[in-house]
Amino acid sequence: MRDQFLNKWLNINHICPLCDLAPANRSGPCKRCEADLPYLLQGCARCALPGIDGVCTACRESPPSFSDVYAGFNYRFPLPQLIHRIKTNRDPEPLYWLSYLLAKSIGQQIDPRSTLVPVPMHSWDQTLRGFNQSELISQRLAKLLRLTHQSQLLRKQQRTPHQASLNRKERTTNLQNCYELNEAIPKQVTLVDDVMTTGTTVERLSALLINAGCDRVDVVVLCRTPR
Ligand SMILES: [Zn+2]
Ligand SMILES: [Zn+2]
């Protein structure tokens, strides 16, 4: 028991968080599991919708206010399970190595003049969970890629039903007037979120920033859901 505790504390005999088997000498998954993760290799040129060559129908018919979406992973096994575990166990640890892999895969695409801004949670929800996963990803990316990070720019004033429980129309209405700007707006912003599903949240925030005078908004997400 004492040895187990010491090993954990010293971070030696670390086991892979995905296969629980292969030994790894650092945090994060073993080389094999890292290579097997569902990296997003092809997606819509605007919204990163997986499997699209060029621009998807939704972006062609109604172009979003943001310019580009950079997504690290397709939201497929084991990502939904990992994200669920992070939220229910209130354990942000996997976000550190996931952010490292995100920086490695899409970091070079982020314009260094852009300021990273996490998608905010309502303060109650953040207190209940203990952290805002988007803020942790944004902080980590800023550190790894030496980018500016402004975590207090956006604020969520109202608690809203979870987006996943609503249809597309309800999602848009759900988010109306629920965000506000707190600070002076940078010329260029890169919004950071954990999972992008329909894109309603980032679209609302991007439109808010553009209307307030921001020149360009891009989006970085850990995972992008398939259609
Ligand atoms: Zn493994
Ligand atoms: Zn698209």
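Against the conditions (1) in contact with a helix residue (DSSP H, G or I) (Cβ under 7 Å, 6 or more places away or on another chain); (2) buried (at least 21 other Cβ atoms within 10 Å of the Cβ), L49 satisfies every one except (1).
Among the residues that make up segment 40-54, is at least one of them over 20 Å from L191 (Cβ atoms), part of a loop (DSSP other than H, G, I, E, B) and acidic (D, E)? Within segment 40-54, one or more residues are over 20 Å from L191 (Cβ atoms), part of a loop (DSSP other than H, G, I, E, B) and acidic (D, E). The one condition from (1) within 15 Å of the chain's Cα centre (by Cα); (2) in a loop (DSSP other than H, G, I, E, B) that D111 does not meet is (1).
Which one of these is assigned by TED's automatic domain parsing to the domain that holds L208 and more than 16 Å from ligand 2 (Cβ to nearest atom): I15, I52, I106?
On the way: I15 fails: assigned by TED's automatic domain parsing to the domain that holds L208; I52 fails: more than 16 Å from ligand 2 (Cβ to nearest atom).
Among I15, I52, I106, only I106 is assigned by TED's automatic domain parsing to the domain that holds L208 and more than 16 Å from ligand 2 (Cβ to nearest atom).
Answer yes or no: is there a residue in segment 73-83 that is touching a Lys or Arg at 6+ places or on another chain (Cβ under 7 Å), modelled with pLDDT of 95 or more and not basic (K, R).
Taking segment 73-83 first, the residues touching a Lys or Arg at 6+ places or on another chain (Cβ under 7 Å) are 74-75.
If we keep only those that are modelled with pLDDT of 95 or more as well, we get 74-75.
Next, from what is left, pick out any that are not basic (K, R): 74-75.
Yes.
Within 30 Å of R216 (Cβ to Cβ), modelled with pLDDT of 95 or more and part of a loop (DSSP other than H, G, I, E, B) - does that describe any residue in segment 28-39? It would help to see each step written out before you state the result.
Residues of segment 28-39 that are within 30 Å of R216 (Cβ to Cβ), as a first pass: 37-39.
Filter again for modelled with pLDDT of 95 or more, leaving 37-39.
Within this subset, residues satisfying the condition of being part of a loop (DSSP other than H, G, I, E, B) are 37-38.
Yes - at least one qualifying residue is present in segment 28-39.
Restricting the search to helices (runs of 4 or more DSSP H) fully inside segment 133-227 and requiring at least 2 residues that are under 19 Å from the mean Cα position of the chain (by Cα) and either outside the structural domain of R85 (by TED's automatic domain parsing) or at pLDDT 95 or above (or both) gives 133-145, 200-211. What are the residues in segment 34-43 that are in contact (Cβ under 8 Å) with a residue 24 or more places away in the chain and within 16 Å of ligand 2 (Cβ to nearest atom), if any? Within segment 34-43, L40, G43 qualify.
Do we find that L98 is modelled with pLDDT of 95 or more, within 16 Å of ligand 1 (Cβ to nearest atom) and not charged (D, E, K, R) in this structure? When the stated conditions are applied, L98 passes them. Of all residues in segment 50-81, none satisfies the criterion of being more than 21 Å from the chain's Cα centre (by Cα) and in contact (Cβ under 8 Å) with a residue 40 or more places away in the chain. Per the conditions (1) of a type in the set (A, V, I, L, M); (2) part of a helix (DSSP H, G or I); (3) crowded, with 19+ Cβ neighbours inside 10 Å, the sole criterion not satisfied by L116 is (2).
Pairing residues of segment 2-27 that are within 26 Å of L79 (Cβ to Cβ) and modelled with pLDDT under 55 with residues that are in a loop (DSSP other than H, G, I, E, B) and basic (K, R), at Cβ distances under 9 Å and at least 6 apart in sequence or on separate chains, gives N11/R26.
The values are calculated or read from the model by the stated rules, or taken from the named source; none is laboratory data. Computed from a predicted model, the values in this text were never measured in an experiment. Cβ coordinates were reconstructed from backbone atoms using ideal geometry, including for glycine residues, and neighbour counts include every protein chain displayed.
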